Amino acid sequence: MNKSNMQRLLVDISKCHQPSFDMESFQQFIAQSQQIIDSQQRVDLIDELKAAIDRNPDRDDVNDLLSQSIISLTEECKCHSFIAYQNIMNKQDIGITIMDYKGNFILCDLKSRLILELNHKKLKRINLFGLMSELSLKKVKDFVLIKPGQLYGELIFTIYSERSKKKCFKLVKSIKKNKQRKSFLKAKEQRVKARKVDILYTRYLRTIKIKFSRIQAEFTKGFVEQIKEQDDFQMHQVTLNQKIQAVVCEVQEIDQQENFTLQELLEDHFIVKSEAKFQKKVEDNHDKKKKVIIEDQAEIDDSE
């Protein structure tokens, strides 16, 4: 479908709750969409349909029909054209995984593993909820990604970041050089002192957002062979030609902090243990009479 027609279609969907909207024709279009629209256009349609439902949550008569269209588009986009869909998302720094409803990984691409800091060679026994920090786990009510009747959703949580921690520890050592120390202190004097909660968050946590959609996945021989041809995928617990209820997840890191208090951060076992080691390294790498207390990750970056 050309760009102008696609734009008109998206505008029409925004009016789908009006009496003049031709729902029957739209559903016929969705049924034939695999031959009409490309993978990116399918993604755009899914997003617009979800937005339309969110704008009118009480219109069950229309929303049920829209939900059926979302399911159809999702299965086409994320199963039949899975590699094309993954490439689109990866270009936006978004990883793609398939999990069961309980958060067990079935399929995971390289981008997702980098974002989630998964160094495991295999996906066996890796569970999404097991990757969360203590702080985020306390906010989880039901350890399932999707509930009966739910089509899609979003989850924001924190993970412990060994990557940020190692970078922070490494930079502590470099500050002992006089030239770098002067640069560091000058930058420190020019900055407003960061809140302790921001300091700890930046050193040890990263915020992850996952958008997920329900699908009925079938791992055919052709699909599995196609996945194996891609170097960046890992699979676990895949049974050929078996249809399973699963969720496709779009995984990305976001630049925002969850609203944890300083007290909550100071009660987290990983953070407490890591911060003690960090302060020990600070003391070991500076003269006892002129200790430099590193208070902001942004200030540390200036010392590089």
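Each value in this text was obtained by applying a stated rule to the coordinates, not by laboratory testing. The structure displayed is predicted, hence computed values, not measured ones. Here Cβ is always computed from backbone atoms with ideal geometry, including for glycine, and neighbour counts include all displayed protein chains.
Charge tally around Lys209: other residues with Cβ under 12 Å, Lys/Arg +1 each, Asp/Glu -1 each, net -4.
Taking Cβ atoms as reference points and 12 Å as the exclusive limit, the residues near Leu265 contribute a net charge of -4, counting Lys and Arg as +1 and Asp and Glu as -1.
Descending by average beta-carbon neighbour count within 10 Å, the peptides 105-115, 246-256 line up as 105-115, 246-256, the highest first. Working ranking of peptides 140-150, 210-220 by packing, defined as the average number of other Cβ atoms within 10 Å per residue, highest first, is 210-220, 140-150.
Neighbours of Ile244, meaning other residues whose beta-carbon lies under 10 angstrom from its beta-carbon, give a summed charge of -1 when Lys and Arg score +1 and Asp and Glu score -1.
Remark: for residue pairs Lys147/Lys243; Lys196/Lys273; Lys166/Lys211, the C-alpha separation exceeds 27 Å in Lys166/Lys211.
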